[in-house]
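Here's the structure, in structure tokens; my notes come after.
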Amino acid sequence: MRRPTVSGCAAALPRLTLLAALAVWLLSVSALPVPAQAQAGGEEAGVQVIRVTAEKFEFKPEKIVLTKGKPVVLELISLDRVHGFRCPGLGIRVDVAPNKVTRVPLTPDKAGSFPFVCDVFCGDGHDEMSGVIEVKE
Amino acid sequence: MNTMDRRGFLKVAGVGGALLLTYPGSGALAAAAGAGKGFSFVQFADTHVGYANPPVNPDASASLQKGVDWVNAMTPQPDFVVFTGDLTHTTDDPQERRRRLTEFKRIAGGLKPKAVYFLPGEHDAGLDWGEAYKEILGKTHYMFQHKGVHFLVIDNVSDPAASVGEAQLAWIAAELARIPKADPLVVLTHRPLFDLYPEWDWATKDADKVLALLEPHTNVTVLYGHIHQEHHHQSGHIGQHAGMSTAYLLPAPGSVPKKAPVPWDAAAPYKGMGLRIVQDDVAKPTPEFTEKPLAGM
Ligand SMILES: [Cu+2]
Ligand SMILES: [Fe+2]
């Protein structure tokens, strides 16, 4: 099994780049009207980007808070093997692979609580690999 | 209760925990000439050999053995036994996976009825596309007949993304083309062939394609597992019925924020665990079920 990517890549990056990335990340999350610990990623042309990682056997963040009518982009990446990301209530279904960022543009058109789940069997603990998207009015 | 004669069966079928179901819409019965050829079989679901989690079930093999012993004491004996997947609990270790499948096979080998049919769950086959399963237990999809009733075994788990897949769909289409449309047909599989609750991964991705192939057949019953509880659903004229696990109970769909096994209840051991007796007859459009709790065994 490959155990690659994000951490490995990050270790190889020059230290400065890392610091710069961290600074950009801190700026972007501090400007957001949502809890910082639940939202990371950044902002592109006014659209919030939310980075979601998948690894055996959890999503981070587990709870994603969005606002109805406000466009965002989910950036999904796996830290170990292929997982799935399925959120039936919002009509999302994608594979989440290592070494690859899967972008899901999303403008929630209804408020509510929408569970998501890993739908690619990934081992012991797969059955509990899930989270929720909370959409506020 | 250790033995069960026919009268006992009928009595059991009428009381708590048990359920008898009949469905409308049978139309003309095929093979009425086969009347009187009734038979019974037993469905085990989600036996999860290798699962050992004291707060939930300290020993899944022991629960399976309890079910096997009970079946062995049935009078009359069922004609055969089916296991609808998650025979073992998953492991990343290919050697341990083989050990668990072999352990399962050993326990199932202790069944008195010698006709025993298996199919995989994602715990058995989802991490290696069924490789170990096929080595130890054989094919993951196949067809068999019993006293005029057709049984179609479908694999919706070897693909970790839970698709039946185009190759198997083509095989199903070819098999079904050989069967008269009104003949009774029982489908055995692991996952529901409908979106029961995809929020908990209780679905099969291409279930619609399977149902489209089954649609022209007038007497179809689907028996499956995966959700670790009894559940009944109609997809048009096709009844889909999940049976209890012998290993652990899962909560009702969407009833709790996070899907997790229901803890072992010392005051009510084996609560929600069990197996199913199916009474079938070529002259009847659909089988009848008795859900048998392990607790009463
Ligand atoms: Cu997973
Ligand atoms: Fe299971």
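Remarks
- If you filter region B:133-158 down to residues that are away from every other protein chain (no Cβ under 14 Å) and assigned to a helix (DSSP H, G or I), you find that the one that is surrounded by the most Cβ atoms within 10 Å (Cβ to Cβ) is B:Leu137.
- Any hit, region B:44-63, residues being polar (S, T, N, Q), in contact (Cβ under 8 Å) with a residue 60 or more places away in the chain and open to solvent by 40 Å² or more (accessible area, probe 1.4 Å): yes
- The set of residues in region A:77-96 being in contact with a Phe, Trp or Tyr (Cβ under 9 Å, 6 or more places away or on another chain), more than 9 Å from chain B (Cβ to nearest Cβ) and surrounded by fewer than 23 Cβ atoms within 10 Å (Cβ to Cβ) consists of A:Leu90, A:Ile92, A:Val94.
- Each residue in region B:102-126 was checked for being within 16 Å of ligand 2 (Cβ to nearest atom) and more than 17 Å from the chain's Cα centre (by Cα), and 1 of them qualify.
- With respect to (1) under 17 Å from B:Val187 (Cα atoms); (2) under 19 Å from the mean Cα position of the chain (by Cα), the lone exception for B:Leu213 is condition (2).
- Of residues in region B:228-269 being of a type in the set (Gly, Ala, Ser), within 16 Å of ligand 2 (Cβ to nearest atom) and within 14 Å of chain A (Cβ to nearest Cβ), the one most open to solvent (accessible area, probe 1.4 Å): B:Ala260
- Residue match in region B:85-92 (condition: within 15 Å of ligand 2 (Cβ to nearest atom), open to solvent by 10 Å² or more (accessible area, probe 1.4 Å) and within 14 Å of chain A (Cβ to nearest Cβ)): yes
- Some residue of region A:106-129 being in a strand (DSSP E or B), basic (Lys, Arg) and touching a Lys or Arg at 6+ places or on another chain (Cβ under 8 Å): no
- Filter result for A:Ile64 (away from chain B (no Cβ under 12 Å), open to solvent by less than 40 Å² (accessible area, probe 1.4 Å) and either in contact with a Leu (Cβ under 9 Å, 6 or more places away or on another chain) or farther than 30 Å from B:Arg97 by Cβ (or both)): yes
- Counting the residues of region A:97-124 that are surrounded by fewer than 16 Cβ atoms within 10 Å (Cβ to Cβ) and away from every other protein chain (no Cβ under 12 Å) gives 10.
- Filter result for the condition that a residue is at pLDDT below 95, more than 24 Å from A:Phe114 (Cβ to Cβ) and over 20 Å from the mean Cα position of the chain (by Cα), over B:Ala267, B:Ala182: B:Ala267
- The set of residues in region A:101-124 being more than 16 Å from ligand 1 (Cβ to nearest atom) and within 13 Å of the chain's Cα centre (by Cα) consists of A:Val101, A:Arg103, A:Val104, A:Pro105, A:Leu106.
- Residue pairs whose Cβ atoms lie under 7 Å apart, sitting 6 or more positions apart in sequence or on different chains, and linking a residue in region B:166-187 that is free of Cβ contacts under 8 Å to residues at least 24 places away in the same chain to a partner that is open to solvent by less than 60 Å² (accessible area, probe 1.4 Å) and not acidic (Asp, Glu), do not occur here.
- Complete set of residues in region B:159-174 that are within 12 Å of B:Thr204 (Cβ to Cβ) and either in contact with a strand residue (DSSP E or B) (Cβ under 8 Å, 6 or more places away or on another chain) or part of a loop (DSSP other than H, G, I, E, B) (or both): B:Asp159, B:Ala161, B:Ala162, B:Ser163, B:Val164, B:Gly165
- Looking across region B:160-216 at every residue that is charged (D, E, K, R) and within 13 Å of chain A (Cβ to nearest Cβ), the one that is surrounded by the most Cβ atoms within 10 Å (Cβ to Cβ) is identified as B:Arg191.
- Tally of residues being within 27 Å of B:His123 (Cα to Cα) and either out of contact with any Leu (no Cβ under 6 Å at 6 or more places or on another chain) or not in a strand (DSSP E or B) (or both) across region A:84-105: 14
- Candidates are the residues of region A:125-137 that are surrounded by fewer than 20 Cβ atoms within 10 Å (Cβ to Cβ) and farther than 14 Å from A:Glu58 by Cα; the one that is farthest from ligand 1 (Cβ to nearest atom) is A:Glu137.
The values are calculated or read from the model by the stated rules, or taken from the named source; none is laboratory data. Bear in mind that the values here come from a model prediction, so they are computed numbers and not experimental data. Here Cβ is always computed from backbone atoms with ideal geometry, including for glycine, and neighbour counts include all displayed protein chains. Accessible surface areas use protein heavy atoms only, side chains included; no ligands, DNA or RNA. Shrake-Rupley method; radii C 1.70, N 1.55, O 1.52, S 1.80 Å.
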